[in-house]
Structures are given as structure tokens and as C-alpha cells.
Amino acid sequence: MDFFTALNISSSGLSAERERVNVASSNLANAESTRSADGSGPYRRRDPVLESVSFDAALSGASGEPGAVGVKVAEIVEDQRPGRKVYSPGHPDADEKGFVTFPNVNPVHEVVNLLSASKSYEANASAVDTLKGMAQRALDIAR
Amino acid sequence: MDPLRSTGSIGSTGSLPAAPGAARPGDRPASFAAELGKAIGAVDALQAQGDAQAEKVAAGHGNLHETALALEKADVAMRALLKVRNKVVEAYQEVMRMSV
């Protein structure tokens, strides 16, 4: 049903934005993590990569024209930029010169990402509200 | 330009294509009761989905917005079904009021 397709697309948008919030939270939480679980040095900031995806054959346009598509998180990539070096010889993760490599996370950047994800989440939620109103209005025609 | 001719041409293009799903002469149309039964089944399935999602959320491993949307779908489907039901009852009463 067409109405439900639009709802599903908004739902995929909500899921993607929630994933962005998850990743931004992970980056913020690990802004000072000097080691990772697998022992591969400090934490590296992550970035979700979003991909448009057509999950409804009826909407993807049988005749080849672009149809309405949803979104999904294709992958989460690690930022390969070098971390910041801090001189702290007493730190257990310091190298032989006394420098500790901290994650390449910029908290300001992450908070901005968080804000943008939260606003996009709201936008998707208001799309759902609009759809709801339209469905209600359509049903009111048949009163 | 002959005005009569032009109106005639409008009339000739006025033949509407058969509505999709309209019963063609010869094959038996699907009964309304069967269609209504299918619709009720679909609405029931949506309600069950909403229930399952709500249970998951209550158990602590659900997805909030997907649950809200599942409930919303069930709500809209239920309202639509209710409209159909009301129309049917209305039509029935209209027929019963007819004086013979």
C-alpha cells in the first residue's frame, strides 16, 4: 500500500539518523580512549556512510524512472587522520619519547553532528506526522 | 470550424477505459464478502505486528520509532476498515428503509 511505503521510507530515515546519533555518542564517549579492545592503539573516530536503498519494488519504478527510496547505513568507516599527541611520560600508553596518542576526535565536531542528526530525526518524524494527517484527511472524505 | 462537429469529437473521446479491477463480462466477480474478509485479515496482521513490536519494547530490546510506526499503521488500517463497515451498514439501512 502506497501510504505504508512512505511510512517505511520515513522509518528508514529515522533508523539512519538514530545510527548517526549512536556513532556520534560513541565518538564523544571515546574522546580520551588511548587504547582499543583489539589492542590497535587509540580509538579512531567513526563515521557512518549513508546509502539510498529501494526496498519496495513497486516504488523503485518498473519502467526505469527513479522512484522514492529509503536510506540505510551502508557502513561505518574509521577516520584515518592521525590522533593528537600529548606529552605525558607517566601515562602507561606513552611511547619511548613520552608522548601519548589520543583519539582523533574533536568534541565540538561531534556535538555539531549530534545536533544535525537530531534535527534530521525531527524532520523525518514530521514527515510521518504529515502522512498521518493526510491519511486522516483521506478517510474524512468518506464520512 | 463546425461547432457541432467539435462537440461531437469531444463526445467520441469520452469513452472511458475500463476501470482496473472492474469485473469483465463472463468471469465471476470476486464476492464482496471475500474481499472484505481479506481486508480484515490484513488489518489483523498489522495489529499483530504492532502487538509484537510493543512486546519487544516492553521486554527492553525493541525499536521505539518502528513500534510507533507499526502501531500507527494498524491504527490507520483500522480506521479505514471502520469507514468501510460504516458505509456498508449505512447502505443496508438505506435499502431496508425502501418502501416496496
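Worth pointing out:
- Virtual paramagnetic centre 7 Å along Cα→Cβ of B:Lys56, amide N under 16 Å, in segment A:1-36: A:8-9, A:11-16, A:18-19
- The modelled label-to-label distance between A:Ser52 and A:Thr130, using points 7 Å beyond Cα along the C-beta direction, is 1.6 nm.
- Calculated from backbone phi, Karplus (6.51, -1.76, 1.60) coupling profile of segment B:35-46 in Hz, x at Gly/Pro: 4, 5, x, 4, 4, 5, x, 5, 5, 4, 4, 5
- Check: segment B:32-97 dipole with +1 on Lys, Arg Cβ and -1 on Asp, Glu Cβ, in debye: 240 debye
- Farthest towards the positive end of the charge dipole of segment A:3-140, among the residues A:Val86, A:Ser40, A:Thr5, is the Cα of A:Val86, using unit charges on the Cβ of Lys, Arg, Asp and Glu.
- Full extension of the segment from A:Lys72 to A:Ala37, taken as 0.36 nm per residue of separation minus the current Cα-Cα distance, would add 9.9 nm.
- Amide N of segment B:68-100 lying under 11 Å from the label point, which is placed 7 angstrom from the Cα of B:Ala39 along Cα→Cβ: B:78-89
- Tensor-based shape of segment A:3-140 (alpha-carbon gyration tensor, a/c under 1.5 rounded, otherwise prolate or oblate): prolate
- Prolate/oblate/rounded call for segment B:32-97, Cα gyration tensor, a/c under 1.5 rounded: prolate
- Per-residue [θ]222 nm for chain A (sum of -39500 (n - 2.57) over DSSP H runs n ≥ 4, rounded to 500): -16000 deg cm²/dmol
- One decimal place: the segment A:Ser26-A:Thr5 gains 4.4 nm when fully extended, by the rule 0.36 nm per residue minus the C-alpha distance.
Throughout, read-outs are computed from the coordinates displayed, never taken from laboratory work. Given the structure is predicted, the values throughout are model-derived calculations rather than measurements. Quick reminder, even Gly has a Cβ in these numbers, built from the backbone with ideal geometry, and neighbours come from all protein chains shown.
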